[in-house]
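The values are calculated or read from the model by the stated rules, or taken from the named source; none is laboratory data. Since we're looking at a predicted model, the values are computed, not measured. No Cβ is skipped: glycine too gets one built from the backbone with ideal geometry, and neighbour counts run over all protein chains shown.
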Amino acid sequence: ADAPAPDKEYTFAIIKPDAVEAGHADAIFAKLAEAGFRVAAQNEMTLSREQAEAFYGEHKDKPFFENLVTFMTSGPIKVLVLSAPDAIKAWRELIGPTNTEIARADKPESLRALFGTDQTANALHGSDSSSSAMREINFFFDGWAYDNMPAETNFAVI
Ligand code: RTP
Ligand code: MG
């Protein structure tokens, strides 16, 4: 059987350039609070090409990589550490399918359906696993995890 969902867990999220540019950030903060997420840390920044390529390094051989890096460097983003019970899985569920068109068809209440643009400009990012959450939080909030998470067991869980 699956392990029980953690009572409090951290995940990493990005409000991507399309959603910031469209002025959707406040509506997204309202929706995530309503869904039970707390913002544990946040920053606004514009990614350099080097940062975007490093952050999305796992996709460097994908056909959409160039579009993705161009998009992610196109304007300001908001980077967030979110906490909630079972945050990693719950946040992926709340944001919905990667492709905004599919999100609108299959999960119209999801945040990508509500705030995304297309298959690349999809408003939001969410860590896909505990190891991704740890890597991504450390990528943007250097040292934060060491001050806020216990060293033992699952690093992304407190
Ligand atoms: P994310 O990592 O941003 O949370 O999104 P995800 O897991 O749902 O999707 P992933 O496969 O990791 O893809 C990363 C991001 O690349 C862009 N993408 N474009 N066919 C395309 O044009 C395409 N496919 C993916 C999206 O911005 C996606 O979120
Ligand atoms: Mg992903």
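Among the candidates 80, 94, 47, the residue that is at pLDDT 95 or above, more than 21 Å from residue 119 (Cα to Cα) and out of contact with any Gly (no Cβ under 6 Å at 6 or more places or on another chain) is uniquely 80. The number of residues in the stretch 119-138 being among the acidic types (Asp, Glu) and either in contact with a Lys or Arg (Cβ under 9 Å, 6 or more places away or on another chain) or within 7 Å of ligand 1 (Cβ to nearest atom) (or both) comes to 1.
Condition check ((1) within 14 Å of the chain's Cα centre (by Cα); (2) away from ligand 2 (no atom under 15 Å from the Cβ); (3) without any contact (Cβ under 8 Å) to a residue 12 or more places away in the chain) across all residues:
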| residue | (1), (2), (3) |
| --- | --- |
| 38 | yes, yes, no |
| 44 | yes, yes, no |
| 54 | no, no, no |
| 57 | no, no, yes |
| 60 | no, no, yes |
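Quick check on the stretch 76-92. Is at least one of its residues buried (at least 21 other Cβ atoms within 10 Å of the Cβ) and more than 12 Å from the chain's Cα centre (by Cα)? Checking the stretch 76-92: at least one residue is buried (at least 21 other Cβ atoms within 10 Å of the Cβ) and more than 12 Å from the chain's Cα centre (by Cα).
Residues considered: 70, 98. Of these, the only one that is polar (S, T, N, Q) and under 15 Å from the mean Cα position of the chain (by Cα) is 98. Among the residues of the stretch 110-129, the ones that are away from ligand 2 (no atom under 13 Å from the Cβ) and not in a loop (DSSP other than H, G, I, E, B) come to 4 in all. Of all residues in the stretch 53-62, one or more are closer than 17 Å to residue 123 by Cα and either within 10 Å of ligand 1 (Cβ to nearest atom) or not β-branched (Val, Ile, Thr) (or both).
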